[in-house]
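Visitor: Take a look at this one; I'll ask things after.
The values are calculated or read from the model by the stated rules, or taken from the named source; none is laboratory data. Not measured: the values here are computed from a predicted model. Here Cβ is always computed from backbone atoms with ideal geometry, including for glycine, and neighbour counts include all displayed protein chains.
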Amino acid sequence: MVNRDMAKPPKSAPAPADPGLFTAAERNLIRWQLCVRFGQAPQAADGIYLRIWRGGPQPGQPRVPKVVQGLVERGLLHIGPEVVMGGRRALFTPLGLDALRRLLQDRRALNPDQFAHLHEELGTGRA
């Protein structure tokens with residue numbers, strides 16, 4: 001007799017089947033990190049800022065949120081080696097930049113008016 005409860009996979013946020021697609025949490029992270037703040041338009045080439053552990057078991061290592069870790073595991077981001085402004089950066093890989101270009105094509109995901117600087121930087125045809 002088979003126990004059907006054991007055959008079910010654990011419930012977690014499903015990763016998209018296509019590694020170039022972003023989950024809702026990943027889209028929120030991208031919106032937050034790449035939106036215009038205080039009149040400054042961040043560049044995708046600058047990546048996502050990661051703070052550094054000051055103490056504890058990993059001093060000097062970057063604090064990698066679960067969302068960023070998922071993007072790293074899927075090959076969309078990699079963590080750069082250099083320290084910038086007291087932190088490190090998770091940089092988009094070529095696959096990640098292609099996925100970001102596809103995300104920019106969806107007007108509902110990233111508002112073309114708010115993210116016009118990304119359209120210009122990545123050459124998606126809208127500005």
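Visitor: Of these, Leu104, Leu91, which one is under 16 Å from Glu121 (Cα atoms) and in contact with a Ser or Thr (Cβ under 7 Å, 6 or more places away or on another chain)?
Guide: Leu104
Visitor: Suppose we keep only residues that are assigned to a loop (DSSP other than H, G, I, E, B) and in contact with a Lys or Arg (Cβ under 9 Å, 6 or more places away or on another chain) within the range 65-82. Which one would you say is modelled with the highest pLDDT?
Guide: The residue in question is Gly80.
Visitor: Of all residues in the range 14-42 being of a type in the set (S, T, N, Q) and more than 16 Å from Ile79 (Cα to Cα), which is modelled with the lowest pLDDT?
Guide: Top of the filtered list is Gln40.
Visitor: Can you say whether Lys11 is loosely packed, with under 13 Cβ neighbours inside 10 Å, out of contact with any strand residue (DSSP E or B) (no Cβ under 7 Å at 6 or more places or on another chain), over 28 Å from Pro112 (Cβ atoms) and at pLDDT 90 or above, as far as the supplied structure shows?
Guide: Answer is no for this residue.
Visitor: Just to be sure I understand the filter: pairs with C-beta atoms under 9 Å, separated by 6 or more residues or on different chains, first member in the range 69-87 and at positive phi, second member loosely packed, with under 14 Cβ neighbours inside 10 Å. Which pairs pass?
Guide: Listed pairs, sorted by first residue: Gly86/Arg51.
Visitor: Looking only at the range 43-59, filter to residues that are assigned to a loop (DSSP other than H, G, I, E, B) and not charged (D, E, K, R); which one of those is nearest to Gly75 (Cα to Cα)?
Guide: For the range 43-59, the residue satisfying everything is Gly47.
Visitor: Taking the condition of being within 14 Å of Leu29 (Cβ to Cβ) and more than 10 Å from the chain's Cα centre (by Cα), how many residues in the range 66-98 meet it?
Guide: Count: 3.
Visitor: Go through the range 50-84 and report how many residues are under 28 Å from Thr124 (Cβ atoms), of a type in the set (A, V, I, L, M) and surrounded by fewer than 14 Cβ atoms within 10 Å (Cβ to Cβ).
Guide: Total meeting the criteria: 1.
Visitor: Quick one: count up the residues across the range 85-115 that are surrounded by fewer than 16 Cβ atoms within 10 Å (Cβ to Cβ) and farther than 30 Å from Gln61 by Cα.
Guide: Here the count works out to 10.
Visitor: How many residues are surrounded by 16 or more Cβ atoms within 10 Å (Cβ to Cβ), in a helix (DSSP H, G or I) and either touching a residue at least 24 places away in the same chain (Cβ under 8 Å) or in contact with a helix residue (DSSP H, G or I) (Cβ under 8 Å, 6 or more places away or on another chain) (or both) if we restrict to the range 28-42?
Guide: The first filter runs over the range 28-42 and keeps only residues surrounded by 16 or more Cβ atoms within 10 Å (Cβ to Cβ), leaving 29-30, 33-34, 42.
Keeping just the survivors that are in a helix (DSSP H, G or I) gives 29-30, 33-34.
Among the residues that remain, those that are also either touching a residue at least 24 places away in the same chain (Cβ under 8 Å) or in contact with a helix residue (DSSP H, G or I) (Cβ under 8 Å, 6 or more places away or on another chain) (or both) are: 29-30, 34.
The qualifying residues number 3.
Visitor: Would you mind finding the one in Gly96, Gly125 that is small (Gly, Ala, Ser) and in a loop (DSSP other than H, G, I, E, B)?
Guide: Gly125
Visitor: Quick one: what pairs do we get from the range 99-127, first residue without any contact (Cβ under 8 Å) to a residue 24 or more places away in the chain and at positive phi, second in a helix (DSSP H, G or I) and surrounded by 14 or more Cβ atoms within 10 Å (Cβ to Cβ), C-beta under 9 Å, 6+ apart or different chains?
Guide: Partner pairs satisfying both residue conditions: Gly123/Arg101; Gly125/His119.
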